[in-house]
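The values are calculated or read from the model by the stated rules, or taken from the named source; none is laboratory data. Everything numeric here is computed off the predicted structure, so don't read it as measured data. Positions of Cβ are generated from backbone atoms using ideal geometry, with glycine treated the same way; all protein chains shown enter the neighbour counts.
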Ligand SMILES: [Zn+2]
């Protein structure tokens, strides 16, 4: 199967969401990632009709396709804290609603952090989190993308096995995809600075998750050294 790789960027939505598309166009790219609201706040953001209209118009005008959103960093589907889980659920529903209104195709989510309750419990909570969203929202056209993590602290998703357990542990598995973050993967202990090692990693993605599920690659630089988070991506904690 032939696969196309589009180079894009995360652009700022300062001054209006459509500005992120405009900035993407100025950079000469066709794939844009943005935040539809402040990523470090629980505060919701209600879209105005005019805002939706100009976003959709500019998306067509500049030919930006796909558009990817990244949910708030505070959303934690693996949390055992009831209040955080409720807030995360509400924030996720609101984010999906915005994506649907704006015609955004992909929504990136961090699998979350179990905060000491263990990986199995955390993964169970994450699958329940998504099941509840689908139960309440029914038809959703935006694809939810699970991002690979660096394995710091109690975060889930630093191994491909963990991502696969979430992805294939839900009823509507087909609606979940994968985002490979090279900074996280490098910090988790994978030497990806040469072609051979990189190809090996992609082979492993294919074996464990399925390469067809890989929709986004975050090309981020790493401040941390290779393996500094003390975990191997293929090992279990
Ligand atoms: Zn992320």
For this session: Can you tell me which residue within region 176-186, out of those that are crowded, with 20+ Cβ neighbours inside 10 Å and farther than 21 Å from residue 75 by Cβ, is nearest to the ligand (Cβ to nearest atom)?
Result: 185
Exercise. Would you pick out the residues in region 21-36 that are buried (at least 21 other Cβ atoms within 10 Å of the Cβ) and in contact with a helix residue (DSSP H, G or I) (Cβ under 9 Å, 6 or more places away or on another chain)?
Worked result: 21, 32, 33, 34, 36
For this session: Go through the residues of region 128-138 one by one and say whether even a single one is closer than 22 Å to residue 93 by Cα, more than 16 Å from the ligand (Cβ to nearest atom), at pLDDT below 95 and assigned to a loop (DSSP other than H, G, I, E, B).
Result: yes
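Select from region 86-117 the residues that are outside any strand (DSSP E or B) and within 16 Å of the ligand (Cβ to nearest atom) and list them in ascending order. Steps first, please.
Narrowing region 86-117 to residues outside any strand (DSSP E or B): 86-105, 110-112, 114-117.
Within region 86-117, 88, 91, 92, 95, 99, 104, 110, 111, 112 qualify.
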For this session: Filter region 156-165 down to the residues that are without any contact (Cβ under 8 Å) to a residue 60 or more places away in the chain and in contact with a strand residue (DSSP E or B) (Cβ under 8 Å, 6 or more places away or on another chain), then identify the one that is nearest to the ligand (Cβ to nearest atom).
Result: 157
Problem set entry | Criterion violated by residue 150 - all others in (1) on the phi < 0 side of the Ramachandran plot; (2) more than 16 Å from the ligand (Cβ to nearest atom) satisfied | (2)
Exercise. Does residue 192 meet the test of being surrounded by fewer than 20 Cβ atoms within 10 Å (Cβ to Cβ) and closer than 17 Å to residue 108 by Cα?
Worked result: no
Exercise. Would it be correct to say that residue 68 is crowded, with 19+ Cβ neighbours inside 10 Å, within 19 Å of residue 177 (Cα to Cα) and away from the ligand (no atom under 16 Å from the Cβ)?
Worked result: no
Exercise. Going through region 106-120 one residue at a time, which ones are surrounded by fewer than 17 Cβ atoms within 10 Å (Cβ to Cβ) and at pLDDT 95 or above?
Worked result: 120
Problem set entry | Flag for residue 123 being more than 15 Å from the ligand (Cβ to nearest atom), at pLDDT 95 or above, more than 23 Å from residue 186 (Cα to Cα) and buried (at least 20 other Cβ atoms within 10 Å of the Cβ) | no
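Conditions tested, residue by residue: (1) away from the ligand (no atom under 16 Å from the Cβ); (2) assigned to a loop (DSSP other than H, G, I, E, B); (3) at pLDDT 90 or above; (4) closer than 17 Å to residue 143 by Cα.
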{"position": "169", "(1), (2), (3), (4)": "yes, yes, yes, yes"}
{"position": "174", "(1), (2), (3), (4)": "yes, no, no, yes"}
{"position": "191", "(1), (2), (3), (4)": "yes, yes, no, no"}
{"position": "197", "(1), (2), (3), (4)": "yes, no, no, no"}
{"position": "207", "(1), (2), (3), (4)": "yes, no, yes, no"}
{"position": "226", "(1), (2), (3), (4)": "yes, yes, no, no"}
{"position": "232", "(1), (2), (3), (4)": "yes, yes, no, no"}
Problem set entry | Filter result (farther than 23 Å from residue 213 by Cβ and within 16 Å of the ligand (Cβ to nearest atom)) within region 74-85 | 74
